[in-house]
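I have placed the structure first, in the form of structure tokens, so that the comments after it can refer back to it.
The values are calculated or read from the model by the stated rules, or taken from the named source; none is laboratory data. In this text the structure is predicted, and so the values were computed from the model without any measurement. Using ideal geometry, Cβ is built from the backbone for each residue, glycine included, and neighbour counts are taken over all protein chains shown.
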Amino acid sequence: MYELLQKLHSWWAYLAIAVLLIAVINAFIGYSSKKQFEAKDLRISLFALIFTHIQLLLGLAVYFVSPLGFSALGEMKNAALRLTSLEHPLINIIAIVLITIGWSKHKKMEGTAKFRKILFFYGVGLLLILSRIPWSTWLA
């Protein structure tokens, strides 16, 4: 079961990052061109929110069944174990919290301010996610 969850978490990450990147680019284009926030923009942002939350749920499932997750927390001197058992989950949870805050805050805004909120919070979330991906195992 662990292998299936781990592969699903790994493959879903490609989708989540792609949709999140599309949302950030869309927000940048909308903000820089001073467009009105339309239904298409809402859907793109919502899909990014949904995909990252699904990725979080998959990641939490992997974390608690993995030999490199919760059970490895005592091995903080090993950089690879520290990344998978502490840094990766913690930073990605923070990133998804920021994405959720961006979604929540954009709803109270008008016009290009909606794009600005999405751009900032989703952009910071994307950077945090990209900074803590275990690239050596993910791309292998």
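When S71 is tested against (1) under 21 Å from S136 (Cβ atoms); (2) small (G, A, S); (3) in contact with a helix residue (DSSP H, G or I) (Cβ under 7 Å, 6 or more places away or on another chain), exactly one condition is not met: (3). Restricted to helices (runs of 4 or more DSSP H) entirely inside segment 27-140, those with at least 3 residues that are among the β-branched types (V, I, T) are 39-65, 88-106, 112-131. Just name the residue that is surrounded by the most Cβ atoms within 10 Å (Cβ to Cβ) out of those in segment 71-95 that are modelled with pLDDT under 90 and among the aliphatic types (A, V, I, L, M). Result: L83. Residues in segment 4-48 that are aromatic (F, W, Y) and under 21 Å from A113 (Cα atoms): F28, Y31, F37, F47. The C-beta contact set for segment 12-36 (first residue at negative phi, second residue modelled with pLDDT under 95 and surrounded by fewer than 19 Cβ atoms within 10 Å (Cβ to Cβ), distance under 6 angstrom, 6+ apart or interchain) comprises Y31/T112.
Kindly establish whether G111 is surrounded by fewer than 15 Cβ atoms within 10 Å (Cβ to Cβ) and on the phi > 0 side of the Ramachandran plot. Yes: the conditions hold for G111. Inclusion of R43 among residues that are closer than 18 Å to I133 by Cα and among the basic types (K, R) is not warranted. Assess whether I54 counts as being among the β-branched types (V, I, T), within 29 Å of M1 (Cβ to Cβ) and either touching a helix residue (DSSP H, G or I) at 6+ places or on another chain (Cβ under 6 Å) or touching a residue at least 24 places away in the same chain (Cβ under 8 Å) (or both). In short, yes. Residues that are of a type outside the set (F, W, Y) and touching a residue at least 24 places away in the same chain (Cβ under 8 Å) within segment 111-126 comprise G111, T112, K114, R116, I118, L119, G123, V124, G125, L126, listed in sequence order.
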